[in-house]
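The values are calculated or read from the model by the stated rules, or taken from the named source; none is laboratory data. Model, not experiment: these values are computed from the prediction. Heads up, the Cβs are rebuilt from the backbone with ideal geometry, glycines too, and the neighbour counts pull from every protein chain shown. These accessible areas exclude ligands, DNA and RNA; they are computed on the full protein's heavy atoms, side chains included. Shrake-Rupley method; radii C 1.70, N 1.55, O 1.52, S 1.80 Å.
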Amino acid sequence: MWLTDWEQSTQQLFNDQLVPAYEAAHPDTAVNIQYLDWRVFTEKLIAAHAGGVLPDVFQAGAEYVAPLATKGMALEVDKYVAGWGQKDDFYESAWNTVSYQGKTYGVPILSAPQTLMYRKDMLQGSGVDSSPSTWDDLEQVAMKTTKRDGDKFVISGFNARPIWQQYMWFLFQNGGDVFTADGQVVVNSPEAVESLDYFSRLFNQDKVASKSSIAAPTANVGAMAANLVAMQLGNQLTVRDFRQNNPSQAANLVVAEPISKKQQVTTNWTDWLAISKQSRHADASWNFIQFVADKDNLLKYNETMYFIPPRKSLRTAGYMSDPQLQQFVTIMEKYGRSINTNPAALEVYQTIMQNAVDDAVYQKKSSKQALDDAARNIARAMRR
């Protein structure tokens, strides 16, 4: 098994508890886990597939399902899911991540819904008493709360990052997409251009976001917990950061509902487990996935990462009883959606869309030109 989302406590959980327990219950099965880095995962996955040496089970991310399904990397598991009978316990946006053209290719195991988070004390100190609810609100509040010393940020009003995942948040809210569920490329629609114009403006004309990372003076502390950021897109890890590194200000951290333009929506990023189509041990692989996805085990795994378990029955279990984590679950239920994928999705998102965001944010091209180029590149990628 390849695991790509893990921390040291995750390794301890699997190595010291989960694997020994599973092997004791299944003495004819040995489980070997390799802990990988997301930065090399795609390349390693493609190389292993080409060499016929994919692991039996591997962890994948939000943009992977269509490429894995159409390139023969992931096994379709609907027969296993039907016999398992637990699909309905998973949140819809999480389960959509493992589905392509009506078939299922894995089981969701970790979720991280992304939403607006802000420092109540910083907004109130700038004369803002309510949560931003629209793009215009966000822009105005970000400009009011930004403090600069020349070119240096003292406080970033909205700590956006110039990455495709954050652009998607605004794109969805404006009713746009990269491509539709049936594969039509719409990445350069008027809604998409307007969204990228807005996203780029935050870094450039408005100067409320930094194109480079705003780093805390102390390692492993987030910029918001270090009192350097008024608002940002975040997930439950920001809550953990405050609890661990700035507990005196934790009460000032607000987990807000997503803002809206044409619609109120947020991105839910879900990781999942797939069985390799090359596996000679599909039944045993499914048994181990079931074991990891068991409610008690899944809760333990998510707690090591401080993620949101994608099972409804775990909504208030253990550490998930925390009110701010409850807010993330509510946001995921009401507004969460997964991204659409197609056979070229890994190149589309990880390369083409990131290049388009870079070109606009760093003002190499207009938003329209960047997205027109992206549309042509996506069309080429889909023909390969």
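Miscellaneous remarks
- Too-long pairs where the Cα-Cα distance tops 24 Å, listed order kept, from 120/147; 87/261; 262/368; 103/262: 87/261; 103/262
- The packing ranking, built from the mean of other Cβ atoms within 10 Å per residue, places the peptides 348-359, 250-261 in the order 348-359, 250-261, highest first.
- Charge dipole of the range 215-359 (Cα centre as origin; +1 on each Lys and Arg Cβ, -1 on each Asp and Glu Cβ, all else neutral): 360 debye, rounded to the nearest 20.
- Where Rh is the Kirkwood radius over Cα pairs, Rg/Rh for the range 318-384: 1.22
- When only alpha carbons are used to place a centre, the range 1-22 and the range 234-274 end up 25 Å from one another.
- Descending by average beta-carbon neighbour count within 10 Å, the peptides 24-37, 227-240 line up as 227-240, 24-37, the highest first.
- Accessible area expressed per residue, the range 1-68, with surrounding protein chains retained (probe 1.4 Å, Å²): 48
- Among the listed pairs 207/334; 144/211; 211/365, those beyond 21 Å (Cα-Cα): 207/334
- Largest mean-square fluctuation among 341, 42, 270, in a Gaussian network model of the chain whose springs join Cα atoms under 10 Å apart, belongs to 42.
- For the range 91-199, the per residue solvent-accessible surface stands at 38 Å², with DNA, RNA and ligands left out and a 1.4 Å probe.
- Judged by the mean number of other Cβ atoms found within 10 Å, the most tightly packed of the peptides 156-169, 54-67 leads the ranking 54-67, 156-169.
- Apolar share of the accessible surface for the chain: 45 percent from carbon plus sulfur atoms, 1.4 Å probe.
- Relative to the dominant Cα principal axis of the chain, helix 323-335 is inclined by about 90°.
- For the range 276-337, taking Cα atoms only, Rg and Dmax work out to 14.4, 44 Å respectively.
- Acute angle (nearest 10 degrees) that the helix 295-305 long axis makes with the longest principal axis of the chain, alpha-carbon atoms: 40
- The chain - mean residue ellipticity at 222 nm from DSSP helices (-39,500 (n - 2.57) per run, n ≥ 4, rounded to 500): -12000 deg cm²/dmol
- Distance from the range 139-200 to the range 101-130 (C-alpha centre basis), Å: 15
- Rg/Rh (Cα only; Kirkwood hydrodynamic radius) as it applies to the chain: 0.97
- Anchor residue 277: aspartates and glutamates whose Cα lies under 20 Å away (excluding residues fewer than 8 positions away in-chain): 43, 56, 63, 76, 78
- Residue 84 sits with roughly 30 Å² accessible to a 1.4 Å probe, with DNA, RNA and ligands left out of the calculation.
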